[in-house]
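Single-structure report; data block below.
The values are calculated or read from the model by the stated rules, or taken from the named source; none is laboratory data. Everything numeric here is computed off the predicted structure, so don't read it as measured data. Cβ placement follows ideal geometry from the backbone for every residue including glycine, while neighbour counts extend to all protein chains displayed. Note: areas computed on protein heavy atoms with side chains; ligands, DNA, RNA excluded. Shrake-Rupley method; radii C 1.70, N 1.55, O 1.52, S 1.80 Å.
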Amino acid sequence: MCCCHCRVPSTPPSGALARIIIMDVSAASVDPWTEIHRAESEKRRELVLQGPSVDRRIQSGGLDPTIYRLSLLNYLEISQCPSLTEVHGDIGRLSNLQSLILCRNKLGSLPQELGALKVLRVLDVSANELRSLPDELSQLGELNTLNASCNRIEALPGGLGRLAKLSSINFSKNEVRLLPEELFSPGLEHLSAIVASENRIEELSGDVQQLPALKTLDLSNNNLSDIPAALADCSKLKEINFKGNKLKDKRLEKMVNGCQTKSVLEYLRAGGRGKGKGKAQEPGAKEESVREKSRKKRADRQQKDKEDKEDDMEDVNQMIVKVLHVQDSASAFTVKVVPQVRDVRPYIVCCIIKGMNLKPGNALKRFLMAQMKLHDEICEKRTTATIATHDLHRLRGPLLYDARPPKMLKIVPLGRKEMSAMELMRQLQFEAAEQRKQKKRQNVSGLHKYLQLLDGKENYPCLVDAEDHVISFPPITNSEKTKMRKTTSELLLEVTSSTSLQICKDVMDSLIVKMAELNKFTFDHKEEVVNDAESDLAEDEKVSDPVQQADQEHGSPELLVQQVRVVDTDGNLRVVYPSRTDLNTDVCNLIVIR
């Protein structure tokens, strides 16, 4: 079974232009590949083709070869197209490509010309029907992520040792029998993750200790009979998985099926079961044995101290998110949902974030830009979900998720004066019409794009605080009253959707991960705090102690996520976020403490 868990996340370059995403559409276009031709004419940097609509066009006439002329592309994805069985060698002409995603198709082979993509960093060919990978992949000197999981690959390509920047390789769910020696080359100094579960691997070489950055090793459900003791010499190793292998050492087999990584490595480091037993000791050997044990204890203690120091250094690079459960908090936050929203926008999840530092440099700007990007991508231009962020100190709980007639819904929209939702919609419609006239085009941009999402609705959704202030009018706007500022340190996050509750949770997961990344970036770079008229601290909040002031300015990379309960009008729980099944991400350096 192939699933999304096999897939290494692929992130397009941060400086890329707007992405064209073509999902399933029912109406046929006069130009069957209009998105490719538009990408060419507009000199786009990113292109995504996926789903049944694209698949039908590939089936009827093949992939338009014009795609291989898009030399400016740095991100290309063609996925979920069972009719795509091959990729032409002309793909080697896309010399600026940094991410190539060809997952969930029916590719039987890959062209040798992939080796010409000299700046490629991410290659995802998971969930196809590949039986091999071309040796020319060894020419991809910038490659850091290779995902070939869920195929029929019997042997890995030659030259892997030349991929000096490779950090993650995933070839789980294949038919590989042998791990090549080159996979354990000391030259792979950045290789931190090897995922090779569900293959037919019979042996793990002791040369694995030559990988200085190895943190994750998954060889579960293979044909291993032994685990080399040298594995314990991998100083960075944090996570191993050898479940499902029939090991000769039954005690070790029991340990790998139930014990933590540290216990297994300690067992291997000690030499395994029966070490030093069963041999008659010669005269004087007992005294020597005591000295040897004492020496070994000292060496083990020194090694442990060294590992603890390395762990401390490793922790510096981790992003930590702590979850504060409702029952652990005296100020549990709730959102009450009225039945009327069922016909308008029925799904909502919320949580509270503490520890977000937006004061230094461009931290606030980066956060708002990241939110916009999530709106464009995972929220699909706000059509599936909408994110709202609020300064927690500028509202009073509990909150009410309500549905009100447009005339009765009063809000102070961002950057505007107070008005009813009806007045706001009329004003936005007028602005949209004027914009179309001035720019002489059919499409509009910005806030006006979302007006049609409320067409035909008798009531509009809104989130209201305990003082009856409307703080959110999804999917249109937030309130000026609770907008984010540089001084905001505690946030209320809100995600609503008319599609499904799971989409709300998925979006919230992505938002929190992004916030953890941004907070870590802010902490690491120690940008100067620039206060403006809006964000200046009050005099009684300022401190004279330089150390304390530095703590205020740069904070900590750690985020605290406090659960928020969503209940119905009778107080019955509808959803709590984050639950134990939420925030289960595969981000390697993100630690979620529950």
Over region 102-120, the set of residues surrounded by 22 or more Cβ atoms within 10 Å (Cβ to Cβ) and in contact with a Leu (Cβ under 9 Å, 6 or more places away or on another chain) is L102, N105, L110, L114, L117, L120
The one condition K542 fails out of (1) of a type in the set (D, E, K, R); (2) open to solvent by less than 40 Å² (accessible area, probe 1.4 Å); (3) at pLDDT below 75 is (2)
For residues that are open to solvent by 40 Å² or more (accessible area, probe 1.4 Å), out of contact with any Pro (no Cβ under 7 Å at 6 or more places or on another chain), more than 14 Å from L137 (Cβ to Cβ) and not in a helix (DSSP H, G or I), tally how many sit in region 157-190.
6
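Results for (1) at pLDDT 90 or above; (2) farther than 21 Å from C379 by Cα, shown as yes or no for each residue.
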position	(1), (2)
S14	no, no
L17	no, no
S29	no, yes
E42	no, yes
L73	yes, yes
I78	yes, no
P82	yes, yes
L107	yes, yes
E113	yes, yes
Quick check: anything in region 359-380 open to solvent by 20 Å² or more (accessible area, probe 1.4 Å), of a type in the set (D, E), at pLDDT below 90 and not in a helix (DSSP H, G or I)?
yes
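If you go through region 381-391 one residue at a time, how many are open to solvent by less than 60 Å² (accessible area, probe 1.4 Å) and out of contact with any Ser or Thr (no Cβ under 8 Å at 6 or more places or on another chain)? Walk me through how you get there before you give the answer.
Going through region 381-391, the residues open to solvent by less than 60 Å² (accessible area, probe 1.4 Å) turn out to be 382, 384-391.
Cutting the leftovers down to out of contact with any Ser or Thr (no Cβ under 8 Å at 6 or more places or on another chain) gives us 382, 387, 389.
Residues in region 381-391 being open to solvent by less than 60 Å² (accessible area, probe 1.4 Å) and out of contact with any Ser or Thr (no Cβ under 8 Å at 6 or more places or on another chain): 3 in total.
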Please tell me if T389 is in a strand (DSSP E or B) and in contact (Cβ under 8 Å) with a residue 24 or more places away in the chain.
yes
Enumerate the pairs (first residue in region 125-148 and under 18 Å from S95 (Cβ atoms); second residue anywhere and acidic (D, E)) with beta-carbon separation below 8 Å, excluding pairs fewer than 6 apart on the same chain, so at least 6 apart or on different chains.
E136/E113
Look at E77 and say whether it is touching a residue at least 60 places away in the same chain (Cβ under 8 Å) and either surrounded by fewer than 21 Cβ atoms within 10 Å (Cβ to Cβ) or part of a strand (DSSP E or B) (or both).
yes
Looking only at region 397-407, filter to residues that are within 16 Å of L454 (Cα to Cα) and of a type outside the set (D, E); which one of those is most open to solvent (accessible area, probe 1.4 Å)?
K407
Among the residues in region 50-66, are any in contact (Cβ under 8 Å) with a residue 40 or more places away in the chain and of a type in the set (S, T, N, Q)?
no
What pairs come out if I take residues in region 317-336 that are under 18 Å from L395 (Cβ atoms) and at pLDDT 80 or above and pair them with residues that are in a loop (DSSP other than H, G, I, E, B) and polar (S, T, N, Q) whose C-beta lies under 8 Å away, six or more apart or interchain?
K336/T569
Does region 479-501 contain at least one residue that is without any contact (Cβ under 8 Å) to a residue 40 or more places away in the chain and open to solvent by 10 Å² or more (accessible area, probe 1.4 Å)?
no
